Structure formats: structure tokens, C-alpha cells
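No value in this document is a laboratory result; all are computed from the given coordinates. The model shown is predicted, which means the values in this text are computed figures rather than measured ones. Positions of Cβ are backbone-derived with ideal geometry, glycine not excepted, and every protein chain shown enters the neighbour counts.
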Amino acid sequence: MNQTSERNWAGNYRYSAPIAHPTTVDEVQQLVAAAPQVRALGSRHSFNAIADSPGTLVALDLVDDAIVIDPGALSVEVSGGATYGTLAVELQRQGYALHNLASLPHISVAGAIATGTHGSGDRNGSLATAVRALEIVTGSGDLLRVSRETTPDFAGMVVALGALGIVTRVTLDIQPTFAVRQFVYENLPWGEVLQHFDAVMGSAYSVSLFTNWLGENVDQAWVKSRGGDYAGESEFFGGTAATLGRHPLPGISAVNCTEQFGVSGPWSERLAHFRLAFTPSNGDELQSEYHVPREHAVAAIEAMRTLSARIAPLLLVGEVRSIAADDLWLSPNFERAGVALHFTWKPEQAAVEALLPAVEAALAPFAVRPHWGKLFQTDAKTLAASFPRLDDFRALVDRLDPAGKFRNDFLERTVFGRART
């Protein structure tokens, strides 16, 4: 097994553990059974220490990449280390689709699920809501298969932060393929957007708002239409249709973005913001994201606008998206429809981390929950109040990993509320 030590995708975090690349599930089992401390490493798109380990990291990029579709069950089984982009291409080739994609198709299936990663759309749950079954290598090296239908605590095992074991295979719900058209609008007045916020976010299958939080206008709205749910008008809540291809980040070519101008195409080439064949997003950046209940969305947005003079100098772009409620214990959208306020920061980590307490304080009145894989400062006590099933999750971790083999400093600090000894 080849072992390397590397940084994450953004380059802001260097993993302290060596990275093993087993080639079979059997090798994964042997490695886990022998290691005193071990964790899975996905596509390295987390911006904090969630994926690190005081022992060994296991990457599944060389393990069983078979994509197995069950047409009768409308499901697909795939390696936890596969990327959504690779999966989407194969599903589309065979006439099937996932319900949604995140902004980047380059992220790993298991990693995205474990952290509650999502796309947008009032009726679309996070990527984790499509999970039907998981195959997990536990601390003993045994292979545990759990499913939505047969496992009582399954809702606690999906968005699990890598705390239960190494997810080697994932079974997802699929559906027949569908076409999507994407429209981009510019300079939407904030007054119009906030007055009609529910109508804006519910106007199509997926809607994203991009902003620098300054001024009186939303910079861009990306509207993804499925099945004619949005026809594509010349104006959108006071914004005008873009006449040139747009990238969310100012001054960057749209060549690596998915097709715009209402040109119909398969879901696999429209639901993500960025094309699989190109460098994702900006690369040299940091990210934070905070989720608030839908009923507090307008007030939370207004709170961020009051901080715009402090946010904007450190910001590349902000994004507002909506996500449907789910029943997954550690999901930011557990038992509530949510709105995600996303911040793509300049690579100035000390300054960003100094600002985050002010951002979190401004959002605190709105039952805010952070994205687990991005930069945040929220402590375990506050997280316990925000996630009603966190105590149940702690008990589940203690039961399935009594030796703490899959724990790390991040989990001890944010989930268990103590420093690792």
C-alpha cells in the first residue's frame, strides 16, 4: 500500500497523518484492524481538521470503483471514494439521475455525505438524503452493512463525520434521467429579493444567489429549471438576464462553469455550478457555511448585510441556497427546511478566523448550524443545543467505536466537548 502525506484541496491544511491507498476492501479491513487510530480521507475538500487522524488516513481512490445500478430498485451502489462527477456521467450514460448535485462534481460520495453537503432547491434534500445503505469497515476490521429499511439508528449513521468507520460502499436512490436549463440573472435589488424571498427560492428546481454582501443588489441569481418549472424570462425579481457567460467569482472566465442561457442539457451537466473537466471553483480559497431555518432566512441575510463592511474585504463571493428538511441526526437541516449562507473567503486564514466569531454571533439568534467540513468557531456546548440528537450520536459512536479508533481532535472538540489526551 502506497502511503503519502498531503494538504487538503485548498492548501490551507496539512494532514498530520500518512495517507494509505489500499486497493481492495480486504486491504482496508486489514489496515483498520491493525491501526490504533485511523480515519477516511475523501477528495480533501474540507477546510478544517475533520478528516485528519492522529494515526493513519485511508483514501479509497484505488478501491473497487464499480458502479452497480439496480433498475428495479431504482438504486445505485458505488465506492465511497468515487466522485459525484464520475458517478453522474455513468448514471446519465445509462439513463438515470441523482436528485441533485453540489456546486462541485469533484467531491467524493462518502465525504460529501458524511458532512451534510448539499445543492439547492426548496424540495431537494442534501446529498445524504439519497443514501439507502452503507457498507462500513468498523474498528475491528469487520464489514458492517446498514440500511434505511433495516437499521434502527440509520439516520444517525449517514451524516456521521467519519466517526463510525470507513464507508467503503454507498447505495443511493436514483431516478430516470431528466433535462435541466440554467439561466443567470444580474443585479437583483435586495429589497425585491427579501420581500419575495420564498417566491425567489421556490421559482425553479434549484436557485442560488451570489453576493458580496455590499450595496443594494444581489450580484447574480442562478436559476436551474427542470421540466419547465421556470420558463426563463428576460427579468427575474428586478434582475436582468446575463448577456455573457458568468462565473460566480468576479473577473473569472465562465469557461469552467456549466452551460447557461437556458440551453437544455442533462442534469449531470447542469445541476453543479462547475464542469467536471475543469479546475473546480477557485482552488486558492477558504470556505465557511451557516444554515438557518427557512423562517429566519430574511432576518439572517439582513444581519449579514449589516456586517458587509467587515465581510467584503475578505470575501471572494457569498452564496445563498435553500435545502429541504430531513431526518438525519447531524444534518444542518435536521427536522427543518433551511437556507445556507455560504462564504468563499480569500486565503487569509488568520483574518477569516478572527472574523468568524462576529459572523456567528450575528447569526446566533436564528438557531444557526455550521457546515461540518468548513471553517467555523462554534463550540461543542453551542452545537449540542443546535443539534437535538447530538447526545444520541455520541452514544452511537461510543457503541460502534468503543475504543475511539476513528476519533480525532476535531471530533473531541466539537462533538464530545473535550480535548483529546
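Values as computed for the structure displayed
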quantity: Highest-fluctuation residue, 137, 207, 263 considered, GNM on the chain with Cα pairs under 10 Å; calculated: 263
quantity: Ranked list, fewest to most other Cβ atoms within 10 Å of each Cβ, for 237, 210, 261; calculated: 261, 237, 210
quantity: Value of relative contact order over the range 179-370, rounded to a whole percent, pairs C-alpha under 8 Å and six or more apart; calculated: 23
quantity: For residue 56, distant residues with modelled amide H under 5 Å away; calculated: 37, 38, 39
quantity: Derived scalar couplings ³J(HN,Hα) [the range 378-392; Karplus, 6.51 cos²θ - 1.76 cosθ + 1.60; whole Hz; x for Gly, Pro]; calculated: 4, 8, 5, 4, 5, 5, 4, 6, 7, 10, x, 9, 4, 4, 5
quantity: Highest-fluctuation residue, 323, 67, 252 considered, GNM on the chain with Cα pairs under 10 Å; calculated: 252
quantity: Order of 122, 229 under a 10 Å beta carbon neighbour criterion, fewest first; calculated: 229, 122
quantity: Extension gain (nm, one decimal) between residue 62 and residue 144, 0.36 nm per residue minus Cα-Cα; calculated: 27.5 nm
quantity: Cleavage-rule hits, GluC sites (Glu not before Pro), the range 340-409, DSSP coil, Cβ neighbours within 10 Å at most 10; calculated: none
quantity: Summed residue charge, Cβ within 13 Å of residue 265's Cβ, Lys/Arg positive, Asp/Glu negative; calculated: +3
quantity: Ranked 381, 224, criterion: other C-beta atoms within 10 Å, fewest first; calculated: 381, 224
quantity: Debye intensity ratio I(q)/I(0), log10, the chain, q values 0.07 Å⁻¹ (C-alpha model); calculated: -0.31
quantity: Sorted largest first, extent of the range 68-177 alpha carbons per principal axis (Å); calculated: 39, 28, 24
quantity: The chain: most fluctuating residue of 275, 169, 123 per GNM, C-alpha cutoff 10 Å; calculated: 123
quantity: Size of charge dipole - the chain - debye, nearest 20, with Cβ of Lys, Arg +1 and Asp, Glu -1, no other charges; calculated: 440
quantity: Point-to-point label distance, residue 263-residue 367, nm (Cα→Cβ direction, 7 Å offset); calculated: 4.3
quantity: For residue 180, distant residues with modelled amide H under 5 Å away; calculated: 265, 267
quantity: Environment charge of residue 156, counting only residues whose C-beta is closer than 15 Å and scoring Lys/Arg +1, Asp/Glu -1; calculated: -4
quantity: Estimated FRET transfer efficiency (residue 335, residue 93; beta-carbon r; R0 35 Å; 0.05); calculated: 0.45
quantity: Stretchable slack from residue 377 to residue 409, in nm (0.36 nm times residue separation minus alpha-carbon distance); calculated: 10.1 nm
quantity: Percent of beta bridges antiparallel (DSSP, the chain, rounded to nearest 5); calculated: 90
quantity: Kirkwood-type radius of the range 1-95, with distances r between different C-alpha atoms, in Å; calculated: 14.6
quantity: Integer Hz, Karplus 6.51/-1.76/1.60 couplings in order for the range 335-340, x for Gly and Pro; calculated: 6, 7, 5, x, 10, 9
